[in-house]
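The values are calculated or read from the model by the stated rules, or taken from the named source; none is laboratory data. Quick caveat, the model's predicted, so the values are computed rather than measured. Positions of Cβ are generated from backbone atoms using ideal geometry, with glycine treated the same way; all protein chains shown enter the neighbour counts.
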Amino acid sequence: MTVQNKNRGLGRGLDAILQSPETDITSVDISGNYVAGAIAQIEIDKIETNPFQPRTDFDGNALNELAESIKNQGVIQPVTVRKMGYDKYQLISGERRLRASKMAGLKTIPVFIRVANDEQMLEMALIENIHRENLNAIEVAISYQRLLEECKLTQDQLSEKVGKDRSTVANFLRLLKLPAEIQIAIRDGYITMGHARALVNISDKAKQLIILKRIIDEDLSVRQVEILARDTNKDSSKKPAAKQRNVLPESFKVHAEALSKALKMGVKVNRNNKGKGSLTINFKNDQEFERLLDFINKGN
């Protein structure tokens with residue numbers, strides 16, 4: 001894949017924003033003033049971190065590796081900052097590079113200096129982070145949500161800016177509806193995005209958590225979880241048939257009581273709503289049974 005094609009894949013997101021001459025004041029002319037153009041070297045101590053940074057989890061080992069690379073090769077990709085005042089800058093994107101450069105002992109770092117208001121700043125930072133390959137799905141989802149809420153974007157506008165299908169954006173946003181326990185499991189790598197997409201289709205939170213435990217304990221595949229989710233939803237949709245109450249007509253009760261008195265035995269009548277039923281006569285011994293037979297025969 002060529003660089004040109006790869007950049008096109010970003011859609012009209014960070015790539016378009018960072019290439020806009022309206023936001024770029026980087027480069028110095030012969031007089032030392034910044035003009036539109038190339039890269040400046042800024043003292044690291046003069047760059048403050050980005051308050052809009054959506055990412056909170058930075059892998060320590062990866063930072064150490066990057067710091068070692070910077071010691072040997074320098075900073076290959078400049079960070080992006082905005083000018084806050086005289087000799088004062090704020091990071092827009094590139095916090096991993098900035099942190100690793102500090103760890104490597106660098107005093108200055110190559111930068112692009114841009115002009116951005118707070119909303120543009122947030123949008124740049126969020127979109128830049130979304131395109132990081134090692135960003136977990138929950139961080140991506142939170143970034144999408146912040147772009148919708150804080151930058152007042154629609155889902156269509158958001159999908160265009162990040163270069164993703166609207167359905168892909170919607171699937172990430174649905175993860176934020178999952179219980180906190182499941183979001184943490186996604187963040188920490190215990191389950192994948194595929195597992196989470198299956199779980200989000202289950203409406204019962206308790207059942208979601210039961211299946212989450214099974215995924216982790218039994219190392220279930222995404223396909224297995226999809227089947228579990230489907231079966232769980234089928235079970236939930238089966239409503240138990242309403243139990244009809246059997247009401248014994250009053251005349252049945254009167255006749256049963258009269259028969260009980262005549263026989264001097266316990267008599268029980270059962271009848272369903274369709275008229276089908278049974279008559280039970282309890283006797284205590286053989287003599288009572290013989291008396292019952294005599295009673296029946298006399299009736300004949």
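Some points to look at:
- Hits in region 236-275 (condition: more than 30 Å from residue 285 (Cβ to Cβ) and modelled with pLDDT of 70 or more): 247, 249, 250, 251, 272, 273, 274, 275
- Of the candidates 163, 74, the single residue that is in contact with a Gly (Cβ under 6 Å, 6 or more places away or on another chain) and of a type outside the set (Ser, Thr, Tyr) is 163.
- Only a single item in (1) at pLDDT 85 or above; (2) assigned by TED's automatic domain parsing to the domain that holds residue 76; (3) part of a helix (DSSP H, G or I); (4) buried (at least 23 other Cβ atoms within 10 Å of the Cβ) is not met by residue 99, and it is number (4).
- Residues that are over 22 Å from residue 192 (Cα atoms) and either among the aliphatic types (A, V, I, L, M) or surrounded by 14 or more Cβ atoms within 10 Å (Cβ to Cβ) (or both), drawn from region 130-158: 146, 147, 148, 150, 151, 153, 155, 157, 158
- Those residues of region 176-220 which are assigned to a loop (DSSP other than H, G, I, E, B), in contact with a Ser or Thr (Cβ under 7 Å, 6 or more places away or on another chain) and buried (at least 17 other Cβ atoms within 10 Å of the Cβ), in sequence order: 202
- Residue check, residue 59 modelled with pLDDT under 85, among the acidic types (Asp, Glu) and more than 22 Å from residue 123 (Cβ to Cβ): yes
- Test for residue 135: is it free of Cβ contacts under 8 Å to residues at least 24 places away in the same chain and assigned to a loop (DSSP other than H, G, I, E, B): no
- Residue in region 125-184 that is modelled with the lowest pLDDT, counting only those that are of a type in the set (Lys, Arg) and more than 18 Å from the chain's Cα centre (by Cα): 132
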